[in-house]
Every structure is written in structure tokens, then in C-alpha cells.
1. Take the residues in the stretch 7-47 that are in contact with a strand residue (DSSP E or B) (Cβ under 9 Å, 6 or more places away or on another chain), farther than 16 Å from HIS237 by Cβ and among the hydroxyl-bearing types (Ser, Thr, Tyr), then tell me which one is modelled with the highest pLDDT.
2. Which one is surrounded by the fewest Cβ atoms within 10 Å (Cβ to Cβ), of the residues in the stretch 165-179 that are under 19 Å from THR256 (Cβ atoms) and in contact (Cβ under 8 Å) with a residue 60 or more places away in the chain?
3. I'm checking my understanding of the structure. Among residues of the stretch 202-241 that are in a loop (DSSP other than H, G, I, E, B) and closer than 19 Å to ALA158 by Cβ, which one is modelled with the lowest pLDDT?
4. Identify, please: which residue in the stretch 81-126 is β-branched (Val, Ile, Thr) and not in a loop (DSSP other than H, G, I, E, B) and is, among those, farthest from ASP68 (Cα to Cα)?
Amino acid sequence: MNFDLTDRIAIVTGASQGLGKTTAIELAKAGANIVAVSREPEDVTFGRSRPHEPVQEVLDAVRALGRDAIGITCDVRDNTEVESMVEATLAEFGRIDILVNVVGGSWGETFKAGPIMELNAHDLIEAYRVNVVTMFQCSTAVVPIMKRQGKGAIVNIASVAGQSPSVDSPAYGAAKAGVINMTMSMAAAWGPEVRVNAVAVGGIETPHRPRWNENSTAAYGPGSSSALGRLGKQEEHAGTVVWLASDYAGYITGTTIDANGGARR
């Protein structure tokens with residue numbers, strides 16, 4: 001058993017930027033061929049629109065490592081598009097070994113973050129749609145294939161916000177708690193062929209998000225309660241995903257791994 005993922009086919013959602021982009025590249029370094037899934041043309045973060053980084057950058061990086069890669073445009077909130085994405089993956093590679101559900105968020109085009117009394121039911125529903133329903137639809141679409149193959153690994157990106165009270169983003173926290181619970185339910189339902197785990201990300205350094213980095217540094221940086229006293233690098237979080245997808249984690253399922261620098265909750 002090792003970290004070698006040579007010739008395994010890995011779907012990564014949200015792969016055009018941030019942790020999704022880094023995860024796709026780190027999986028390729030371990031030998032996987034990559035299906036980079038992204039929605040176009042823009043993402044909304046903290047109330048601002050900003051263009052996606054081109055998926056082509058991910059494809060070029062993966063191919064430079066000697067691995068195959070394709071990019072698929074897919075809004076994973078739409079189950080029809082998810083089914084088409086899975087069909088396209090099978091047409092290209094013939095199998096699916098790994099799924100990493102990165103898509104999620106605390107602020108979207110149709111919902112907002114904020115204290116409970118500033119939210120409405122629509123905000124809560126949309127937070128679940130973006131964080132839980134997307135993960136559910138992608139996972140249920142690939143698991144029959146993995147079970148036929150006799151093996152597969154799914155890794156969901158959760159958050160420390162789903163493990164403790166959230167004053168500023170309770171809808172997001174509730175949704176990420178749903179990701180953690182759904183991970184356990186999926187693992188119980190789909191074993192022994194398919195392993196399902198999650199990574200509870202906290203204090204991740206995110207390019208182009210100065211507000212996020214400022215808030216995270218206060219919570220995880222020097223002088224904070226974090227044992228490591230710094231933000232985590234995207235490669236470190238992605239490395240946890242690679243481990244969970246590999247045979248070295250072959251006896252781990254239904255678990256959420258904390259990647260938070262030892263921060264107290």
C-alpha cells in the first residue's frame with residue numbers, strides 16, 4: 001500500500017481555482033489522471049464577482065506532470081449536468097476511481113452570509129444547495145460505477161465551521177455540518193467497495209481573498225489559539241485529500257479529518 005495513484009481517474013469539482021485547482025495538481029503528482037470540473041464564467045465571493053482562473057491552467061499543469069487531463073464545464077447544482085459530466089468522464093477514461101467534492105461556499109449569487117436574524121429561509125436553503133446538494137448529486141452519480149469496479153474513494157471538503165457555533169455564517173456552518181453527517185451516512189451505505197471521508201478545512205491561505213485571509217490570520221495566525229500559529233497552505237490541505245484517496249487510507253471511511261493547525265474549538 002502506498003500513495004501511488006498511477007492511472008486512477010480522479011474527478012475534482014471546483015477545479016479551476018483555489019483548493020480545487022491545487023488538489024487536482026497534487027493528485028496528478030501522485031499519478032492520477034484528472035477530470036477538472038468547473039462552472040463558468042464567474043464566482044461570487046464576499047459579494048464580489050471575479051473571473052475564474054482558466055481551467056486550461058490546471059490541464060496544462062497536469063499534462064506537464066505526464067498525466068492525462070480533461071476539463072468539463074458543469075454546474076454541479078444541476079443534476080442533469082452532473083449526469084452528463086459523469087457520462088463524459090466514462091466516455092474518455094472508462095472508469096472513475098476518485099471523486100473530490102470541493103465545490104461549496106459561504107456566500108453565493110443567491111444567498112448571503114450573516115447573523116441568524118439577518119438571514120431568511122431562502123439563504124439557508126441555498127447554502128445547503130451549494131454545499132450539501134452538490135456533494136450529494138456528484139457522489140450518488142459516481143458511486144454505482146465505483147461499486148461495479150469494486151473500489152472507489154470519495155473525499156468531501158467540509159469546514160471547521162461545521163463543527164462549532166458560527167455567529168457570522170450560521171447557514172454555512174449548518175450546511176458544512178450536513179456535509180460531515182452525510183459523509184458518515186454515505187460511508188455506512190456504500191461500503192465495503194466505496195470509502196467516503198471528509199476534510200474539515202480551517203485557516204487555509206486563499207489567494208485573491210484578502211478578507212478571508214485577514215479573518216483567518218486573526219483566528220489561526222501568531223498569537224491565536226492555533227497550535228501551529230499560521231494559516232495552512234493549500235498544498236497541505238490537498239495532501240490530506242491525496243492521502244485519503246490512496247491505499248494508505250484503505251481502512252479509513254466515514255471519518256472527518258481536521259486540517260486546522262491544531263486550533264481549539
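The values are calculated or read from the model by the stated rules, or taken from the named source; none is laboratory data. These numbers come from a predicted model, not from an experiment. Because the Cβ atoms are built from the backbone with ideal geometry, glycine has one as well, and the counts that use them run over all protein chains shown.
1. SER38
2. The residue in question is SER169.
3. The residue in question is ARG209.
4. Narrowing the stretch 81-126 to residues β-branched (Val, Ile, Thr): 82, 86, 89, 96, 98, 100, 102-103, 110, 116, 125.
From what's left, not in a loop (DSSP other than H, G, I, E, B): 82, 86, 89, 98, 100, 116, 125.
Values: VAL82: 21, VAL86: 17, THR89: 12, ILE98: 15, VAL100: 17, ILE116: 45, ILE125: 37 Å.
Selected residue: ILE116.
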